[in-house]
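To keep things clear, I will list the structure first and then write my remarks on it.
The values are calculated or read from the model by the stated rules, or taken from the named source; none is laboratory data. Computed from a predicted model, the values in this text were never measured in an experiment. Don't worry about glycine lacking a Cβ; one is built from the backbone with ideal geometry, like all the others, and counts go over all protein chains shown. Ligands, DNA and RNA are stripped out before the accessible areas are found, and what is left, the full protein with its side chains, is counted by its heavy atoms. Shrake-Rupley method; radii C 1.70, N 1.55, O 1.52, S 1.80 Å.
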Amino acid sequence: MRKFLAILVGKLLIFISRVLKVGGGSALPGLVAEKIDPNILKKLTQKFSSGSIIITGTNGKTTTAAILASILKAAGKNVVHNYTGSNLTRGLNSTLIEKASFFGKIKADIGLFEVDEATIPEAALKIQPRAIIILNLFRDQLDRYGELEKTKDLIGRGIFLSPGSQVILNADDPLVASLKEDAKREVLFFGVENETYTQKEQHFHSADSLDCPRCGQEFLYTAKFFGHTGKYQCLKCGYTRPTPQVKVQQLKLWGMEGSDMAIEVQGTTLELKNTIAGFYNVYNILAATAVAFSLEIPLEVIKRGVESFSSAFGRLEKIKIGSKNLYLLLIKNPSGFSEVVETLVADSKPKSLLIALNDNFADGTDVSWIWDTNLELLKNHYRFITVSGIRAYDMVLRLKYADLAGNIDIEENLETAVQKSLEKVEDGEYLYLLPTYTAMLDIRNWLTKKGIVLPFWKIK
Amino acid sequence: MKITIYHLYPTLMNLYGDRGNILTLLKRSEWRGIEVIVKEIGLNDPIDLKEADILFMGGGQDKEQERVAIDLVAKGPFIKEAVEDDLVGLTICGAFQLFGKYFLTGEGKELKGIEIFDAYTEAGNRRLIGNVIVDCRELTKNWGWEIFRATLVGFENHSGKTFINPQSGKTEEEQTLPLGYVTKGFGNNGQDRTEGAVYKNLFGTYLHGSLLPKNPWLADHLILTALQRRYGTDFEFPQLDDNLEYKAHETAIKRAYTAKTSYL
């Protein structure tokens with residue numbers, strides 16, 4: 001009875017919020033539903049024939065989940081997926097309620113959920129996923145999480161609470177790899193073997209965990225990818241990067257155009273050519289491949305799924321506006337922002353940029369993090385930068401102290417900022433938009449109202 | 001003219017944008033034609049502060065802070081001597097705590113600090129998080145140069161509660177005084193409305209933000225005081241155009257009243 005009521009009220013709220021255009025109904029309906037029936041998440045995910053997959057980590061959840069969704073569809077699976085990135089339990093519940101019949105039946109083979117790190121214990125316990133994958137742990141939203149160690153412990157708790165789940169870990173992230181101890185079972189590791197794109201010596205300090213999680217000694221890195229990821233070993237206690245079973249052996253990055261890579265898994269090589277830009281997305285593709293492999297999806301199907309994928313909600317999303325193009329690249333934390341910037345400056349063409357910095361709850365209310373980002377790289381690589389958002393002036397200050405001068409404008413109103421910036425872009429050219437989360441939602445909502453973008457609930 | 005900034009434990013105590021403070025000191029000096037050298041001091045590195053003009057240490061995670069505490073205490077007497085000699089310094093969050101007398105953990109363990117600030121910290125059971133506005137008029141009233149508004153804006157995130165011990169019988173110069181009083185936010189302990197601490201030219205605070213970019217008057221005070229200590233008073237110290245800095249400062253004030261913060 002509770003379940004029925006929860007679903008009924010949830011569906012009603014979804015309908016209302018969309019008709020009244022007050023939001024997409026991706027959070028509130030789930031929140032109310034779980035107040036009515038606290039076990040709704042468990043009840044709605046119990047009956048999938050192939051179980052559920054949970055994806056978590058600081059950066060890349062939405063993109064990895066979207067790539068995996070593409071692979072699962074290529075494999076002919078019917079997927080329930082919280083693709084907008086609403087990843088607290090209320091978000092999972094909203095997604096499930098929308099797809100469920102009034103009696104709680106969902107016509108899907110498999111659940112695919114990106115889950116916020118702090119929500120892992122509850123989600124893992126209630127869903128008992130078939131597989132749980134942890135992508136990375138970077139400093140992000142300290143005002144919500146406190147510290148990196150605590151976040152890792154929370155994820156460890158979740159792993160402990162779902163003893164039947166296959167655990168899939170990023171070998172290149174020492175903090176993530178150390179979750180093997182919490183797993184107390186065989187773990188599947190993925191990682192990058194190819195060292196073409198390692199960092200030079202004096203790179204910017206956005207690293208957080210450089211020390212051995214076992215004994216506290218500083219790691220020796222033989223290769224560093226970004227942040228604290230790379231090939232590491234502890235000279236004191238011997239803790240070393242585990243050998244990944246799913247690994248990138250060949251890699252070629254083509255700036256904003258995408259990449260070519262060869263992933264080796266169990267002696268076989270999978271060659272992938274894709275249009276998703278940036279080194280950080282290599283990890284997302286690799287992670288999705290690792291999960292697909294653990295689900296025993298054939299390699300040709302994985303290849304089809306990856307190569308037909310173009311972008312996730314608000315991440316590297318290309319939107320055509322009249323004769324011009326918008327490229328949405330979400331920014332959330334120092335490592336993510338730095339990686340986006342590195343990708344943008346990889347080729348020699350100066351970019352037209354709009355950076356929108358908000359400090360709402362979902363963006364992180366402490367904007368200190370922008371001072372840990374390597375924006376100095378933008379020097380001589382931009383045509384103009386428009387700065388917008390609630391904390392536009394904080395961002396402008398950051399640019400000023402990064403010694404970026406000239407062609408920088410401030411327009412706090414987001415819509416005006418987008419319009420003014422598009423006017424300065426040539427036909428056929430791109431405006432690269434770097435928003436924090438709520439700014440990204442505002443822009444998409446605005447574009448949806450203008451009919452330029454489909455409301456996200458109509459895309460799938 | 002040259003200014004040398006000593007940055008303590010840059011890789012371990014770099015929790016949240018505190019690097020922005022080094023960048024601000026660096027640029028605001030360079031823009032005035034002053035050469036800047038930044039020297040990094042890590043664990044087990046020797047410390048000789050003869051060449052130092054400004055000492056800076058940021059905040060870190062609990063684990064890092066414990067490791068650093070032991071090393072810092074070994075360096076303590078040298079730092080104390082330099083601070084007594086009017087060395088200019090800025091310590092944020094965990095560093096601020098370690099420059100006090102001690103930190104009492106939740107389990108009752110006492111971590112010794114380097115005992116420069118007459119202050120101690122005890123672990124609290126909730127996080128003091130949010131936007132902060134600090135009223136520093138008391139501190140700056142005798143500084144002798146025009147400050148339009150002596151407020152600091154920033155963001156705090158700490159569970160430690162720091163208590164300063166101002167003592168009667170000592171002159172103001174010999175005492176550890178608060179940096180200011182919070183108009184918005186919790187401040188040092190959520191009880192007495194004090195924020196931060198000042199002893200001679202050493203400043204301590206819980207404010208991230210980063211602190212100095214949005215509070216250029218404090219950045220300039222640190223640079224100016226450091227220069228005067230080394231070169232006397234016979235030099236030009238031009239005002240910079242801080243229009244953008246103050247717009248950001250105003251936004252931060254507004255957000256201190258309008259933003260909702262939540263914590264785990």
For A:D109, what accessible surface area do you get with a 1.4 Å probe? Give it in Å², rounded to 10.
50 Å²
Can you pull the Rg over Rh of region B:148-264, Cα-only, Kirkwood?
1.00
Give the Rg (one decimal place) followed by the Dmax (whole number) of region A:1-141, computed from C-alpha coordinates and expressed in Å.
14.3, 43
For A:E264, solvent-accessible area (1.4 Å; no DNA, RNA or ligand), Å²:
50 Å²
Would you list which lysines come within 18 Å of A:K273, measuring only between C-alpha atoms, while excluding same-chain residues fewer than 8 positions from it?
A:K247, A:K252, A:K303
Chains B and A: buried accessible surface, both sides, probe 1.4 Å, rounded to 100 Å²?
3900 Å²
Taking every pair of alpha-carbon atoms in the protein assembly as shown, give the share separated by more than 51 Å as a whole percent.
13 percent
Near A:K379, which aspartates and glutamates are there with a Cα under 17 Å away, not counting those fewer than 8 places off in the same chain?
A:E339, A:E342, A:D347, A:D403, A:D409
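With a probe of 1.4 Å, find how much accessible area chain A has per residue, and write the answer as a whole number in Å². All intermediate terms of the calculation are to be shown ahead of the outcome.
Working: 17430 Å² over 460 residues.
Result: 38 Å² per residue.
Just list whichever of A:K184/A:K236; A:K35/A:K150; A:K61/A:K126; A:K324/A:K400 have alpha carbons separated by over 22 Å in the model shown. Before the final figure, lay out each step's value.
On the way: A:K184/A:K236 24 Å; A:K35/A:K150 27 Å; A:K61/A:K126 20 Å; A:K324/A:K400 29 Å.
Checking Cα-Cα distances, A:K184/A:K236; A:K35/A:K150; A:K324/A:K400 exceed 22 Å.
Placing unit charges on C-beta atoms (Lys and Arg positive, Asp and Glu negative, everything else neutral), compute the dipole magnitude of chain B about its Cα centre in debye, rounded to 20.
Numbers: 31 positive and 37 negative charges, 183 e Å.
Here the size comes out at about 880 debye.
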Could you tell me the distance between the Cα centroids of region B:67-131 and region A:69-138, to the nearest Å?
45 Å
